[in-house]
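Just so it is clear, none of the values below were taken in a lab; they were calculated from the coordinates. Fair warning: this is a prediction, and the values are worked out from it, not measured in the lab. Positions of Cβ are backbone-derived with ideal geometry, glycine not excepted, and every protein chain shown enters the neighbour counts.
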């Protein structure tokens with residue numbers, strides 16, 4: 001079975017993931033998501049970063065922006081490719097610069113907790129402070145309602161630069177934190193029941209024998225799920241993975257036909 005690369009960014013940093021994919025010459029899509037709905041993707045061809053997208057940013061800026069994430073999940077899809085080519089820098093150079101960005105983000109996050117943080121002018125701002133033009137471009141957007149990400153978009157500045165300005169203004173005592181906007185909780189996934197998984201396993205036993213139970217658990221784990229927590233929307237991918245584990249073509253076809261009927265009843 002093909003090894004699935006997935007996990008939590010709190011445990012494995014993005015720069016380490018990129019290094020791993022680069023050194024191993026992997027081709028595919030690295031998908032990144034957060035609980036508050038942010039999404040990013042980085043494509044590689046033979047270990048070379050070729051395209052990246054994050055919010056309205058593309059290319060190298062998107063890659064650097066993704067280093068602002070202190071948490072989130074990642075998954076590498078080796079079967080996802082694109083013809084888009086928005087990255088021109090060598091991957092070694094991107095990783096080297098990304099290390100600098102990551103260090104900057106760690107320093108900023110010590111002051112600015114999240115891109116969803118909301119600030120306003122301090123009630124008693126410090127006196128005798130010289131402001132730069134970019135400081136004013138951010139200050140004029142501070143209304144106690146906009147998040148840092150929204151201010152970055154309105155100011156046409158990238159998230160890192162905006163966060164650096166916010167961090168500086170906060171350290172100068174000119175602004176104060178109002179709140180950190182929380183995302184609405186995602187709706188609970190509609191999971192398949194135990195009876196469906198048992199039926200799938202029974203059909204797989206007919207194709208490959210008693211190893212079927214282990215194969216089902218392994219494939220579900222590769223997808224980031226437990227045997228008892230597989231969303232209905234993930235069933236087609238699970239079936240495809242299971243079918244790929246059946247070496248005999250005739251038995252594979254029979255299994256796929258049985259699964260097609262089960263999926264019709266499921267949905």
The residues 242, 260, 149, 89, sorted from fewest to most surrounding Cβ atoms within 10 Å, come out as 260, 89, 149, 242
For helix 194-208, report the angle its Cα long axis makes with the longest principal axis of the Cα atoms of the chain; keep it between 0 and 90° and round to the nearest 10°.
60 degrees
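With Kirkwood's inverse mean 1/r over C-alpha pairs for Rh, give me the Rg to Rh ratio of the range 5-109, two decimals please. List each step's numbers first, then the result.
On the way: Rg = 12.4 Å, Rh = 13.4 Å.
So for the range 5-109, dividing Rg by the Kirkwood Rh gives 0.92.
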Angle between the chain longest axis and helix 91-109 axis [Cα atoms, degrees, rounded to 10]:
60 degrees
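Pairwise over distinct Cα atoms, reciprocal of the mean inverse distance: report the Kirkwood radius of the chain in Å, one decimal place.
Numbers: mean 1/r = 0.0468 Å⁻¹.
The answer is 21.4 Å.
Calculate, in nm to one decimal, what residue 223 and residue 8 gain on full extension: separation in residues at 0.36 nm each, minus their alpha carbon distance. Write out the running numbers ahead of the final one.
Details: separation 215, 0.36 × 215 = 77.40 nm, distance 1.36 nm.
My answer for the length gained is 76.0 nm.
If each DSSP helix of 4+ residues adds -39,500 (n - 2.57) and the sum is divided by the residues in the chain, what number results at 222 nm, nearest 500 deg cm²/dmol? Display every interim value, and only then the final one.
Details: 10 runs with 117 residues, N = 267.
Calculated at 222 nm, the ellipticity per residue is -13500 deg cm²/dmol.
Stretch residue 124-residue 145 to full length: gain in nm at 0.36 nm per residue minus the Cα-Cα span? Walk me through the numbers before you get to the answer.
Values: separation 21, 0.36 × 21 = 7.56 nm, distance 1.92 nm.
That pair, residue 124 and residue 145, stretches by 5.6 nm at full extension.
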Angle, helix 212-222 long axis vs. longest principal axis of the chain, Cα atoms, 0 to 90°, nearest 10?
10 degrees
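Could you work out the Kirkwood radius for the range 171-267, taking every pair of different alpha carbons, averaging 1/r and inverting it, reported in Å? Present the calculation step by step, with values, prior to reporting the outcome.
Details: mean 1/r = 0.0649 Å⁻¹.
It works out to 15.4 Å.
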So if each residue of separation counts as 0.36 nm, and I subtract the Cα-Cα distance between residue 172 and residue 194, what length gain in nm does that give?
2.1 nm
Treating each Cα of the range 117-180 as an identical point scatterer and ignoring solvent, apply the Debye formula and state log10 I(q)/I(0) at q = 0.23 Å⁻¹.
-0.92
